Structures are given as C-alpha cells and as structure tokens.
2 protein chains.
Amino acid sequence: MHTLSEENYLKCIYCLWQDKGQKITPTAIAESLGNNPASVVDMIRKLTDKQLINYDKKKGVELTAQGQKDATLIVRRHRLWEVFLLEKLDYDWDEIHDIAEELEHIKDASLADRLDKFLGFPEYDPHGDPIPKANGKMAKRYSTTLADLKTGGYCRVAAVKDTTSSFLQYLQKLDISIGTKIQLIEKIPFDNSLVISIGGNGRTTVSQKFGESVLIDI
Amino acid sequence: MHTLSEENYLKCIYCLWQDKGQKITPTAIAESLGNNPASVVDMIRKLTDKQLINYDKKKGVELTAQGQKDATLIVRRHRLWEVFLLEKLDYDWDEIHDIAEELEHIKDASLADRLDKFLGFPEYDPHGDPIPKANGKMAKRYSTTLADLKTGGYCRVAAVKDTTSSFLQYLQKLDISIGTKIQLIEKIPFDNSLVISIGGNGRTTVSQKFGESVLIDI
DNA sequence: AAATAAAATTAGTCTTGACTAATTTTATTT
DNA sequence: AAATAAAATTAGTCAAGACTAATTTTATTT
Ligand SMILES: [Mn+2]
Ligand SMILES: [Mn+2]
Ligand SMILES: [Mn+2]
Ligand SMILES: [Mn+2]
C-alpha cells in the first residue's frame, strides 16, 4: 500500500494530467502541492521505484497503468466522500473539499464500493466532477469554460474548475451552482471581463479568471 | 492540533484508564499499542510538554483536563464512525473497528456532531461501548462480566471488552450479540470454564477468558 | 541484605518526507 | 554563439516517530 504522501502525489499527477494534458514537470507538481521542487524530485524517484510513474525529461511524468488505477481509486474515494458530506451531513459546498482530502486516504478494500451504493451510485460530485466507477470508467468531464462561450450564447453551469472556498463562496454569493443557466451578454475587450445574466436575472460583470474557472454545458 | 500518533497514544491512555483504573505505566501503553517501551517514553515527554498528560513514577501516567477532553473527542469519533459503518454501510461487527481506527483521526470541528445527528444520536456503539456526547458526558459503561455471574443467574449481553475480529467472529458463531440473553448453568471449578445457555437454547461451554470478555447487564 | 528480575530510561540509529543552498542542465534571449 | 534565466538535480539538514542495545532504577525473591 501507499503512504499518505505517495497518494497525494499520485492524485496530483493524475489531476494535472486530466486538467491539461500538458507535460507534467517537477515544478508543476511542486506548485500544485505547495512543495519544494527538490522534494518532488525525491518522490518521483520513490514512485518510479514502485512502478507507479515513469519519468522522462522529454515527456515529463506519466502514470503507469498501475499508477493510473491507484490514482483513479483515490479520486473515486475523494469524490464519493464529497457527496456524502454534502448530502448526508449537510456541509456547505465550500467546506467539503478539505475534509475529503483526508477521507480519501482511508484504506479498506470495500469502503468506496459500499459508500457508492449507500449514496445511490452518483455520477458527479458536488463540484461537477465525474466520479470514477468501480471499474475505473467515468462519465463525461466538461472542458468548455464560460470564457469560451460566444456573446449572446446560453449555457448551463456543469462544473467548477477551482474548489477553493474563496471561489465557491463567491459563486454562492452570485447565486450560481451546478445547473444554473447563464447567458453571456457581452465580453469587454479591454480585459476580457464578462457581462452575464445569471438565471435570467439582471446583469453581473465577472473577471476573465472567473470565467475560466466555470465549466459549462452548451 | 495533534498528530495521528499523539492521538493514538491519548486514546490508548484514556482507554487504559477507563478499563482498569490501575496505574498506567509505559510498559502497559507499549503493550497496548504494540510499540516498544522506549518509544513510549519519548511520546510521554511530548505529551507532557503539550500539557496533555502528567507523568509521575509513583502514580503513572494521567491525563490532564485538556488531555481528557481531547481523548474523549477521539473516542466519540471512533464510536460514531463504527455505528455509521455498521448501520449505513452494512459492514460486519468484526470489520468496523480497524476502519474506525483511521476515521477517528479526521479533523473537522463539526464532523462528529454532524455524524452524531445523522445517526440519530446513538447512545452506544456496536460493541456496546457508550458514545461520549458533544459535552463529554456519556451513558453507563457496563463493568460486570459473564464470569462474575452467579450460577443459575440470567443476564443480557451489554457489551464486549475485546474488539478483535477473532473474538467477534467467535461470538457470531455462538449466535451472541448485544442484547442476547444468557443463563449461567454451571461453573467448572477446575479451570473456571462456564457452561451457559444462549438465548434459552442448549448448553455451550466457554472459557474463563471468554467470560471475562463479555460485559453484562443483570 | 543480597541477588535477581523486571521496568524504565538513555543513547544512538533508521526511514519518511519535508526543507535550503549549491550546482548542473536546459531554454530563452540578446 | 554567448549570455542569461529558468528548471532540475544533488548534497546536506531537520523533525517525527519508530527501533535496538545498553544502562539505570525499582521490585521481588531468596
Ligand atoms: Mn489527500
Ligand atoms: Mn470535488
Ligand atoms: Mn487510530
Ligand atoms: Mn467499538
């Protein structure tokens, strides 16, 4: 089995890979985990020895088949626990991520499957991220962001790219959650700010950064 | 906040204190945790520095008010998670302890209280141990064992003193669970074996060690 | 009271997973 | 192509929490 740290690295590598499909460098991992690149290099060696990743200066870090499988299970547990915390324990949207960050490491062969069943086999977590099934497959991941929407276009908020509580609290304040309908009224050329109409109500202006953090379904 | 190890030591000291009321020595702690006494001495220093325990060669280890409070919360979380695993996730009696051993360390200020509410404020865990309330109070702990019962006497199984799966599986095999009625038919003087009638059925013989591991309500 | 056994403690080692500082390698500019 | 900047790596350090082996203290026998 893997240590807590190894698991966090595995999940991080998996998420970077899903997010961007770009080359995964030690610096990228370090930044994402808030660690020093030197520490990342150490862990790259450990995970390589355990045959969970391959590292090539050209291609960057890549998960092996086993590494992918293990990382997927950690993500599955994380997202299932998030559903549990929100639906069963009435936590708020912005509180669940950090707790799931710990719960995802609980080791028991049947825990994820039992939790999955108990929750009614949810397809998506509360942030709109697909929950890997026991067999590793999962529903569609959304990749278009609000910033990609054409002026005048309508969309449905499908997921959020950022799970920090500052972002999620801002969304709550704007009355935006998964499923909310949004229309892009205008894009300000100066700084790419977006003027939007939330759920058919009046206009609100949001930043480019904001737009790029909201994943949509057109 | 405390580290995982510190929490395990705190809980261990708390449980030893509850169990026997005897002097808690480094050796006793070492034995209970499966650690080396030298390691225990190290941790005693750490917990003393953190003002969670006091150590006196004469009186042994004692929890301070703060240590007691913190230990109680860990025990509360442990027992609540056990109820959750058994009742909601359909785990077996003998599987829950080890998983709760990990879950008890999840740190979130409101998690125990939310879980408590979700479970309907249970008074006892699946092994019959009382669950500390948010305020630290808890229901009665049973202390009489089956081995203390008078010949001919009847009792109700209230709790188990041992949570190893070998013991719990044996109980299941004998069809004994919390609430089962037992009559002590005979005590064998040679080795204190107990001849009992389980739930009004035929006789079964069990060892002294067995009898001392079953807590009863007369 | 000595001798012996058991318990507690100290000293030193190891592993994990972080860090900093220094160096080397690779990329980007000029 | 040389200079510069950025990224990666190496070397060495540290704290936590375990261990073993040696020693000291306390209890128990004889
Ligand atoms: Mn985590
Ligand atoms: Mn999520
Ligand atoms: Mn534990
Ligand atoms: Mn229990």
task: Please verify whether the stretch B:86-95 includes one or more residues that are within 11 Å of chain A (Cβ to nearest Cβ), within 16 Å of ligand 1 (Cβ to nearest atom) and free of Cβ contacts under 8 Å to residues at least 12 places away in the same chain.
output: no
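I need a count of the residues in the stretch B:1-42 that are more than 20 Å from B:Asp162 (Cα to Cα) and within 14 Å of ligand 3 (Cβ to nearest atom).
Residues of the stretch B:1-42 that are more than 20 Å from B:Asp162 (Cα to Cα), as a first pass: B:1-7, B:23, B:25-26, B:36-42.
Now drop any that are not within 14 Å of ligand 3 (Cβ to nearest atom), which leaves B:2-7.
Going through the stretch B:1-42 one residue at a time, the tally reaches 6.
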- prompt: Can you find a residue in the stretch A:151-159 that is more than 14 Å from chain B (Cβ to nearest Cβ) and touching a Cys at 6+ places or on another chain (Cβ under 7 Å)?
  reply: no
- prompt: Limited to the stretch A:96-124, what total is found for residues that are more than 9 Å from chain B (Cβ to nearest Cβ) and among the acidic types (Asp, Glu)?
  reply: 5
message: Checking the conditions here, which among A:Leu63, A:Leu10, A:Leu4, A:Leu52 is more than 16 Å from ligand 2 (Cβ to nearest atom), closer than 16 Å to A:Glu101 by Cα and surrounded by 14 or more Cβ atoms within 10 Å (Cβ to Cβ)?
response: A:Leu10
field: Total residues in the stretch A:134-176, condition of a type in the set (A, V, I, L, M) and touching a Pro at 6+ places or on another chain (Cβ under 6 Å)
entry: 2
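Quick check: anything in the stretch B:69-78 under 21 Å from B:His2 (Cβ atoms), touching a Gly at 6+ places or on another chain (Cβ under 8 Å) and away from ligand 4 (no atom under 16 Å from the Cβ)? Spell out how you get there, then give the answer.
Filtering the stretch B:69-78 down to residues under 21 Å from B:His2 (Cβ atoms) leaves B:69-78.
With the extra rule that they be touching a Gly at 6+ places or on another chain (Cβ under 8 Å), the set shrinks to B:69, B:72.
Okay, now just the ones that are also away from ligand 4 (no atom under 16 Å from the Cβ), so B:69.
The answer is yes; a qualifying residue exists.
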- prompt: Checking B:Gly128 against (1) under 29 Å from B:Ile178 (Cβ atoms); (2) out of contact with any strand residue (DSSP E or B) (no Cβ under 8 Å at 6 or more places or on another chain), which single condition isn't satisfied?
  reply: (2)
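Here is a yes/no grid of residues against (1) closer than 28 Å to B:Lys133 by Cβ; (2) within 18 Å of the chain's Cα centre (by Cα); (3) hydrophobic (A, V, I, L, M, F, W, C):
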residue: B:Ser39; (1), (2), (3): no, no, no
residue: B:Met43; (1), (2), (3): no, no, yes
residue: B:Lys46; (1), (2), (3): no, no, no
residue: B:Asp49; (1), (2), (3): no, no, no
residue: B:Glu62; (1), (2), (3): yes, no, no
residue: B:Ala65; (1), (2), (3): yes, no, yes
residue: B:Lys69; (1), (2), (3): yes, yes, no
residue: B:Val75; (1), (2), (3): yes, yes, yes
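Give the residue, chosen from A:Ala100, A:Ala109, A:Ala71, that is at pLDDT 95 or above, out of contact with any Phe, Trp or Tyr (no Cβ under 7 Å at 6 or more places or on another chain) and among the aliphatic types (A, V, I, L, M).
One residue alone meets the criteria, A:Ala109.
Out of the strands (runs of 3 or more DSSP E) lying entirely within the stretch B:153-218, which hold 2 or more residues that are more than 28 Å from B:Glu123 (Cα to Cα) and polar (S, T, N, Q)? Steps first, please.
Values: elements: B:154-160, B:181-187, B:194-198, B:203-206, B:214-217.
The strands (runs of 3 or more DSSP E) meeting that bar are B:203-206.
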- request: Report, by residue number, each residue of the stretch A:150-179 that is buried (at least 17 other Cβ atoms within 10 Å of the Cβ) and within 13 Å of A:Asp217 (Cα to Cα).
  value: A:Cys155, A:Val157, A:Ala158, A:Ala159, A:Val160, A:Ile178
query: Are any of the residues in the stretch A:125-134 surrounded by 21 or more Cβ atoms within 10 Å (Cβ to Cβ), in contact with a helix residue (DSSP H, G or I) (Cβ under 6 Å, 6 or more places away or on another chain), away from chain B (no Cβ under 14 Å) and assigned to a helix (DSSP H, G or I)?
result: no
message: Given the criterion farther than 26 Å from A:Glu101 by Cα and either more than 16 Å from DNA strand C (Cβ to nearest atom) or not in a helix (DSSP H, G or I) (or both), identify the matching residue among B:Asp42, B:Asp94, B:Asp98.
response: B:Asp94
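The values are calculated or read from the model by the stated rules, or taken from the named source; none is laboratory data. Please read all numbers here as calculations on a predicted model, not as lab measurements. Don't worry about glycine lacking a Cβ; one is built from the backbone with ideal geometry, like all the others, and counts go over all protein chains shown.
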